[in-house]
1. Could you check the spin-label model distance between ARG107 and ALA423? Points 7 Å from the Cα along Cα→Cβ, value in nm.
2. How high is the FRET efficiency from ASP177 to ARG413, r the C-beta distance, R0 45 Å, rounded to 0.05?
3. Using a cut-off of 15 Å between beta-carbons, work out the net charge of the residues near LEU515 (Lys and Arg +1, Asp and Glu -1, LEU515 not included).
4. How long are the semi-axes of the equivalent ellipsoid of the range 623-712, taking √(5λ) for every eigenvalue λ of the Cα gyration tensor, in whole Å from largest down?
5. Can you tell me the length gained on complete extension of the stretch ALA636 to ASP378, counting 0.36 nm per residue apart and subtracting the Cα distance?
6. Determine, for each peptide in 309-321, 166-178, the mean count of other beta carbons within 10 angstrom over its residues, then list the peptides with the highest first.
7. Simple spin-label model, 7 Å along Cα-to-Cβ: ALA43 to ALA133 in nm?
8. What is the list of residues in the range 279-295 whose amide nitrogen lies under 14 Å from a point 7 angstrom out from the Cα of ARG140, following Cα to Cβ?
Amino acid sequence: MSTGFARVDERLRERVGQVRAAAQAPSPDAEHDPLAGYYVSEAEVDRLLAAVVPELPEAGRARLAGLAEAFALTAFDLDVVLTCLGPELDSRYGRLYAYLHDDLTRRVPSVDLVLTLWCPDGASRLAGRARLAPGAPLRRHGLVRLDESGDPQAASMLECPLRLDPRLARHLLEDDDPDERLADVLVPGVLVPAGQLPEARRPGSSAAGWEPWEPTGLAAALAAIVERTGTDVVVHLRGAAGSGRLAVAAAFCQSAAVPLLVARCGALAAESDPRCAELVGLVGREARLRGAATYWRDVDLLAGERLGAFVDALADCPGPVLLGGAGDWPGPEPPARPFVRLELARPDAPARREIWASLVAPASAADRAGRERGLAFDEADPPDPEALAGAFRFTAGQIRDAVAAATTLAVTRDPAAPRLRQADLAKAARSTSGRGLVGIARHVVTPYGWDDLVLPPGPARRLRELADQLRHRGLVHDAWGFGRAVAPAGGLTVLFAGPPGTGKTMAASVLANTLGVDLHAVDLATTVNKYIGETEKNLARAFEAAADSNAILFFDEADALFGRRTQVRDSHDRYANIETSYLLQRIETHPGVVILATNLRKNMDEAFVRRFGATVEFPAPDEAERLRIWQRIWPAAAPLGPDVDLATLAREVDLPGGHLRNIVLSGAFLAAADGGTITMAHLLQAARAEYDKLGKIVANGALTAAPPAPADRGRDPRGC
């Protein structure tokens, strides 16, 4: 079978003969010519033409044939490719081209030489010249380059050298390394149809960054879309991080026996518009060379002119083109190509439980991370997939992240005999999910539990019911179907109302600690902005990050944001009402938990009250409740004096629990400076200071114990 180079050599012999016949005199004998090194002699030409014709490897011949279909090349185009490939395969072609150019420095074929070799008449030369125009396949796809940068400058297109692109040369010579310009764009590794998806206990840990879980049926749905619309389709796969966007693309390509190229949109975000279009075109050329589909990661990172350049450049990329992103498609649809959107929903509670169980259930321990590290499970605190699935609305990728991080915690704690605990998984899940709220809300960390809360029976019971409701949301909303029928968003908004210091923030912390999730308090100082529209943007960031982080979002002093809408008298009223309306919409569609705390319930807009899933009143404590607070407030190591009368304090100090904590702490500091034992006098002095701070008048006869004598100050705390 002819490699194609036999035809090149045959044309070269013909052209050499024509050049010789037109010569005025025979060339001198190179052996006796002192200038032999400065030109190609006739004898050398004969030797070069008599040499064995090089052969492309069998795979290279198949790839050459495949170029015509992939890039719509004609027979003339393939002859041009072979002519330009010659010097890459055998240096004798460079000498022959130099001879025909009558210039030893011109060792690559020029446009004129190519047309002379392959176009026997004027009409074919014109047709051949058109095939070398910028819009023709050879140059549009960058297969050959017209070098116009010579010195001196070429007088016309005919004199310009034609160079084969190095990537195409390597492709024909069975080298599959991609173009060097795509080093930061293409993710290393190509999915081979006959192979298997690489295992990755953690998304992104493998070279290709494979996501671990393919949502059931979506790869088949993608195949049906391609079959219905054709391979030229562009499909936007929308889903949260770890939802399986890449896994869907990979599963589809495996079923279709098509390789998959994975490209990063992040690498395009820093490029100028022309450079962005060039890189997209190079990725498209790579896909044509390999007969592959293309998956572009994180299209959300592109915006403005770069997004426009990206979309325009997709017009010349082979299909199917798959675009992965977390948000809605941010730009115009690619022109003249079918465009389809495919949504990847988060797994529901039963699916999340299945994924957690597949990774941490004791039955699978020998088959998972424990297989390599000898990891066992702590019998005192074993993993609970049901609780994890209910507390964290994770995607499959986020679950794998959390399990990997928890495994690291267990190994770090005891390298010799690591044991995975439920606490490790909950801590790793919170760490994994809270990153998006950094800089938006303040992470509230407290040790409070149910025993720290002192409330009347009604509010205490309502809080426990809330905890049960949050714990079993997945079962009721997803497994039982109430989410679709009654609560599509699946979220819960709760109002805590009561005077300052009655335990609203503590109750929110207790709920978060009970469920094993984070509590993030929205900082109004960084959220509210005087410029129109900025407050809504900041709130949108907070709600979006909270939805992804599975955290409880806590608004203290909520009436500052969620206040009643007023009659519009000026532009300030109008935009204040817009903010309130925006919050109404976000709360109703938020899939997570939002707790609003207010000291003035009557200031809350009635429209918010309708949307509250629950309201808990926090009344000021009565004497019996204050006594319980005084009894529970002391740390075990606190040096409490024998004269401290908690019943008297509960009767005389009529303040909520938050203020009682202030009194205890102030009394402790007074005692630390006055002998090291907390006495009744220290606490009464601190109580009077707390009343003064609040602007309250102490009733006659109350808080009358004398302060410690001055002589006692500075006494050694150890009693020496």
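Since every read-out is calculated from the coordinates, none of them should be taken as a lab result. A quick note: this is a predicted structure, and the numbers were derived from the prediction, not measured. We place every Cβ from the backbone using ideal geometry, glycine too, and count neighbours over all the protein chains shown.
1. For ARG107 paired with ALA423, the spin-label model returns 7.2 nm.
2. FRET efficiency, ASP177 to ARG413: 0.55.
3. +2
4. Values for the range 623-712, descending: 19, 16, 12 Å.
5. 90.0 nm
6. 309-321, 166-178
7. With each label point 7 Å from Cα toward Cβ, the separation is 4.9 nm.
8. Answer for the range 279-295: 281, 285.
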